[in-house]
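Since the structure comes first, as structure tokens, the remarks are kept for the end.
The values are calculated or read from the model by the stated rules, or taken from the named source; none is laboratory data. Small disclaimer: the values here were computed from a predicted structure and weren't measured. With ideal geometry, Cβ positions are generated from the backbone for all residues, glycine too; neighbour counts draw on all protein chains shown.
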Amino acid sequence: MGWIEALLLGIIQGLTEFLPVSSSGHLELGKALLGVEAKESLMFTIVVHGATVLSTIVVFWKDIALITRGFFEFRWNDDTQYVVKIIISMIPVAILGLFFKDFVKEIFNNANIILFVGCMLLVTAALLALTYHSNPKKKEISYKNAFVIGIAQAFAVMPGISRSGATIATGLLLGNKKAEVAKFSFLMVLIPILGENVLNIFSGKFASETDVSGVALGVGFIAAFISGLLACKWMLRIVKRGKLVYFAAYCLIIGLTAIFIHY
């Protein structure tokens, strides 16, 4: 993987991690178009995911600081309850990671990955289109809502199902506040991504990947961080204005294109 491929894939990861169009799906499409081999993917994926986590922390650092400070007061306050909701939202993806990790890996290694991504993008398009008819009641995210949104996040491990799209759309369909759903969607993914990256690093697989140069990794990291920073702020404004239906049209077009390319 050269620095140009790393730059393009980093931009794709940064933008699509926050925009409701599926980062995993677009990365797979990007790798296929750029001819990036699977053995190069793990190290690069860890690095660019780390970059998008960092961009999330930068955007929400005030919220994270307030929630953390409130949590360590060790009282049953709003911040402690929010942390508990985040933990509840992680239960479905934790179960998936513990018992179905190999199944998910097989999907990514499937020879028909482009077809699969195309079909899942159509699912994302349908889900986003449903938000056009949603009627948020400006209510707070409940513990039950947090778990249901967590289920949506678990399904989003499928390449082509947008994580942000699935979680935000689910939250809106449940009647939660637009701004709160967007913030919750971005914060709930921090620990799972960091945890997955740490596990990959300590598994030894990260160190064994030597085909990606330090320059390419650095370029990919910076590209993913900057584009993620911009996309995260942009997405917050988009959700507040209720413009997700436009991304439904985009996912529909890209999904049909991927299916057409496959055949």
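Can you tell me which residues in segment 159-190 are at pLDDT below 85 and aliphatic (A, V, I, L, M)?
179, 189, 190 - these are the residues of segment 159-190 that are at pLDDT below 85 and aliphatic (A, V, I, L, M).
What number of residues within segment 210-239 satisfy the criterion of being assigned to a helix (DSSP H, G or I), of a type in the set (Val, Ile, Thr), crowded, with 17+ Cβ neighbours inside 10 Å and touching a helix residue (DSSP H, G or I) at 6+ places or on another chain (Cβ under 6 Å)?
Looking only at that region, the number is 2.
Got at least one residue in segment 12-23 being at positive phi, surrounded by 22 or more Cβ atoms within 10 Å (Cβ to Cβ) and in contact (Cβ under 8 Å) with a residue 40 or more places away in the chain?
Checked against the condition, which is being at positive phi, surrounded by 22 or more Cβ atoms within 10 Å (Cβ to Cβ) and in contact (Cβ under 8 Å) with a residue 40 or more places away in the chain, segment 12-23 yields at least one hit.
If you take the residues of segment 240-263 that are assigned to a helix (DSSP H, G or I) and among the aromatic types (Phe, Trp, Tyr), which of them is surrounded by the most Cβ atoms within 10 Å (Cβ to Cβ)?
Only one residue fits best here, namely 247.
Which one of these is surrounded by fewer than 19 Cβ atoms within 10 Å (Cβ to Cβ) and on the phi > 0 side of the Ramachandran plot: 35, 70, 50?
On inspection, the qualifying residue turns out to be 35.
Out of (1) at pLDDT below 90; (2) over 18 Å from residue 25 (Cα atoms), what's the single condition that is false for residue 193?
Exception for residue 193: condition (2).
Which members of segment 5-47 meet the condition of being farther than 18 Å from residue 116 by Cα, at pLDDT 75 or above and outside any helix (DSSP H, G or I)?
Residue satisfying the conditions is 19 alone.
Each row is one residue, and each column tells you yes or no for (1) in contact with a Leu (Cβ under 9 Å, 6 or more places away or on another chain); (2) of a type in the set (A, V, I, L, M); (3) crowded, with 18+ Cβ neighbours inside 10 Å; (4) in a loop (DSSP other than H, G, I, E, B).
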| position | (1), (2), (3), (4) |
| --- | --- |
| 117 | yes, yes, yes, no |
| 129 | yes, yes, no, no |
| 146 | no, yes, yes, no |
| 158 | no, yes, yes, yes |
| 161 | yes, yes, yes, yes |
| 167 | no, no, yes, no |
| 171 | no, no, yes, no |
| 181 | yes, yes, yes, no |
